[in-house]
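Here the structure comes first, spelled out in structure tokens, and everything after it is commentary.
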Amino acid sequence: MKKSNLKNGIPISPLLNQLDNAIDPVNKSTFLKARLLRISVYAVVVAVAISFIAKVLVSLINLVTNISFYGSLSVAFHSPAANGLGLWVIAIPAIGGIIVGFMALYGSKAIRGHGIPEAMEQILVNESNIKPSITFLKPVSSAIAIGTGGPFGAEGPIIATGGALGSTLGQLFKVTANERKIILAAGATAGMSAIFGTPIAAVFLAIELLLFEFSPKSILPVALACITGAAGHHLLFESGPVFPMPEMAIPSNLALGIYSFIGLLIGLLSLSITKIVYFIEDVFEEFPIHWMWWPAIGGLAVGVIGYFSPHTLGVGYDNITGILSGTWPLTLIISLCLFKFLSWAIALGSGTSGGTLAPLLTIGGASGSIIGAIIIKYFPEAGITLPMAALIGMSAMFAGASRAFITSIVFALEATMQSHALLPLLGACTAAYIVSFFLMENTIMTEKIARRGIATPDSFEPDILQKMYVADVIDDNAIVLSAENTITEVKSWLNKNKVDNNYFVLIDEEKNYGGTLKITDLYNADANTATSLNDLVKPGPGPVIKSTDTLHQAVEIMSKNNAEVLPILSAGGDGKVIGVLSYKDIIKAYQTNIRKNENLHVKISLRRQRMKMVIRGKKLINLSNDGGA
């Protein structure tokens, strides 16, 4: 029986040279860059479209608001808080809820909710495939829900609409599931950028809540889409900060500590808010009536609350600006904080169509302002201001409830253009994030899909296999069979030797690569036992790997070719086979790396260092004594 190992390497055959060219990394890189350019174009196209849709959505919300509360056909903004309808105001949100319920029943149930969790679910379990009908059903249903007094913002619906538009485009063209996810995220975040003019925050939103990765192939299309959305905001809406506020002074160290403490309190509050929202949703699930009527019931509660506290009705971006100004009466802020939360929680729990960002910002800003006012009253030398307390409350609430840490900070900076708020925002959002991470299993964005058994990624660590190279796990003692051996010879040898491999690499008499053979082919009943192994190997190129390639690339090649082993080529370009890589080698390397990263050990022993110092001291004493002698 002829066999060989690969310690000294085997000259490569002409066939293997052909295989080497087939996996040229330069050609692969060029292909990937061309795909990235195409996906970026798709992302920009979606961003342009969603910018105009954002303008249409806002205009439609204003139109429905003016019709519902003022009986006028106008797209100009008028807050529903100034209506003079009296008790009739209670019925308007309920009517809007009935319409949304019918749209969900006869259109698509997917329009229910606040947008981001639904987009996350489609990304995680449905290859980013969203029904095209959501592209127009979501904005229309949201405009009706918000325009009739629903306490939501326009950002949630436009994020859902942008995601649906991106997904639809990704379904029309020949793209991969991952590329469709990128286009979906680009559309969603371009919508957010178009509404608020916050492109950097929108990019981070994509990373933290939609993409679950950070790589050039995903960031570049999303960044281009967000820039385009911001340009649409400046063209179609306004060029200044969306939430203008007084200029902030640089805070003192004492003030920074107090702002961080406020963030801690807001983090605890965000926990309570999240639990109450889903408790209310559970209550609606127990209602003995069809879910189509739930938005109407929620709308009725919104109307009742709106009768006593008109500022809770509608989008309420003007409320955020008022809170950040630091000039609103404390009684008004307390009333808004409490009743806005009740109205929003009930409406959201009823399953109507709306968003969460604007209500969270309103509640967080009001809470921060209230806490700040209490601190200023009892500790006037603390050095904090009400506008800054409101701003960090707004941002910390979003950080605690959604765990979108960087997004929360950057959004507050972009939306207000207050650069001196950076350190207070960092301290407050970090405190809120810590509370959320340690005390809450899921966030307001992930709780809904977690209840459906869908796990969301909680980290953005690089793939371990992308950091490990084939050369690190090469098996240079792998068994290689001669292609000239017959089936009878190989069977006889296998009966005498214990072999775990299911595949063998073949070589000819000149030690050229002859292909890869399945062990099952040896026991083919139709095969002639006098047949040589060379006759069992299918002609043509086969999969190979280079020693400088990563294990991630090896897994891709094995998966694509259904191969259990790969011949390894040397990195020097001489075409020699220097080893064999099996899937078992990859699994073993992965397990070893995991154990190494999880192994608890002390690298520097203080006891050992003390012993060394004692020994050195003794040597010095001995030398001193010797010198004295």
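The values are calculated or read from the model by the stated rules, or taken from the named source; none is laboratory data. The shown structure was predicted, so the numbers you read here are calculated from the model rather than taken from an experiment. FYI the Cβ positions are ideal-geometry reconstructions off the backbone, even for glycines, and counts take in every protein chain you see. Remember, those area values only see protein heavy atoms, side chains included, never the ligands or the DNA or RNA. Shrake-Rupley method; radii C 1.70, N 1.55, O 1.52, S 1.80 Å.
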Inset, instruction - Could you list, in sequence order, all residues of the range 334-347 that are of a type in the set (A, V, I, L, M) and open to solvent by 10 Å² or more (accessible area, probe 1.4 Å)? - result: Ile334, Leu338, Leu342, Ile346
Inset, instruction - Say whether the condition of being open to solvent by 50 Å² or more (accessible area, probe 1.4 Å), outside any helix (DSSP H, G or I) and not aliphatic (A, V, I, L, M) is met by at least one residue in the range 251-270. - result: yes
Legend entry - Subset of the range 547-573 [surrounded by fewer than 16 Cβ atoms within 10 Å (Cβ to Cβ) and out of contact with any helix residue (DSSP H, G or I) (no Cβ under 7 Å at 6 or more places or on another chain)]: Glu556, Ser559, Lys560, Asn561, Asn562, Ala571, Gly572, Gly573
Inset, instruction - Select, from Ala143, Ala188, Ala194, Ala202, the only residue that is assigned to a helix (DSSP H, G or I), in contact with a helix residue (DSSP H, G or I) (Cβ under 9 Å, 6 or more places away or on another chain), open to solvent by less than 10 Å² (accessible area, probe 1.4 Å) and at pLDDT below 90. - result: Ala143
Legend entry - Hits in the range 323-333 (condition: open to solvent by less than 40 Å² (accessible area, probe 1.4 Å), assigned to a helix (DSSP H, G or I) and not hydrophobic (A, V, I, L, M, F, W, C)): Ser325
Inset, instruction - Could you grab me the full set of residues in the range 60-96 that are closer than 30 Å to Ala223 by Cα and open to solvent by less than 30 Å² (accessible area, probe 1.4 Å)? - result: Ile61, Asn62
Legend entry - Index of the failed condition, Pro132 passing every other in (1) farther than 28 Å from Gly322 by Cβ; (2) in a helix (DSSP H, G or I); (3) not aliphatic (A, V, I, L, M): (2)
Legend entry - Exclusive hit being open to solvent by 10 Å² or more (accessible area, probe 1.4 Å), part of a helix (DSSP H, G or I), under 16 Å from Val44 (Cα atoms) and not charged (D, E, K, R), set Ile207, Ile182, Ile227: Ile227
Legend entry - Candidate set from the range 450-472 (those that are open to solvent by 30 Å² or more (accessible area, probe 1.4 Å) and touching a helix residue (DSSP H, G or I) at 6+ places or on another chain (Cβ under 6 Å)); member that is modelled with the highest pLDDT: Gln466
Inset, instruction - Mind telling me which of the residues Gly163, Gly156 ends up being without any contact (Cβ under 8 Å) to a residue 60 or more places away in the chain and closer than 23 Å to Val242 by Cα? - result: Gly163
Legend entry - Filtered residues of the range 399-424 (kept if open to solvent by less than 10 Å² (accessible area, probe 1.4 Å), part of a helix (DSSP H, G or I) and touching a residue at least 40 places away in the same chain (Cβ under 8 Å)): Ala399, Gly400, Ala401, Ser402, Thr407, Phe411, Ala415, Thr416, Ala421, Pro424
Legend entry - Count of residues meeting criterion [in a helix (DSSP H, G or I), under 13 Å from Asn126 (Cα atoms) and open to solvent by 30 Å² or more (accessible area, probe 1.4 Å)] in the range 158-179: 3
Inset, instruction - State yes or no: is Ile392 without any contact (Cβ under 8 Å) to a residue 24 or more places away in the chain and either under 21 Å from Ala201 (Cβ atoms) or touching a helix residue (DSSP H, G or I) at 6+ places or on another chain (Cβ under 8 Å) (or both)? - result: no
Legend entry - Close pairs (6 angstrom Cβ cut-off, 6 or more residues apart or separate chains): closer than 15 Å to Glu564 by Cα and open to solvent by less than 80 Å² (accessible area, probe 1.4 Å) in the range 515-526, of a type in the set (Val, Ile, Thr) and at pLDDT 70 or above anywhere: Thr516/Val505
Inset, instruction - List the number of the failed condition for Ser272; all other conditions in (1) under 22 Å from Ile99 (Cα atoms); (2) free of Cβ contacts under 8 Å to residues at least 24 places away in the same chain hold. - result: (1)
Legend entry - Given (1) closer than 29 Å to Ala194 by Cα; (2) part of a helix (DSSP H, G or I), index of the condition Met245 fails: (2)
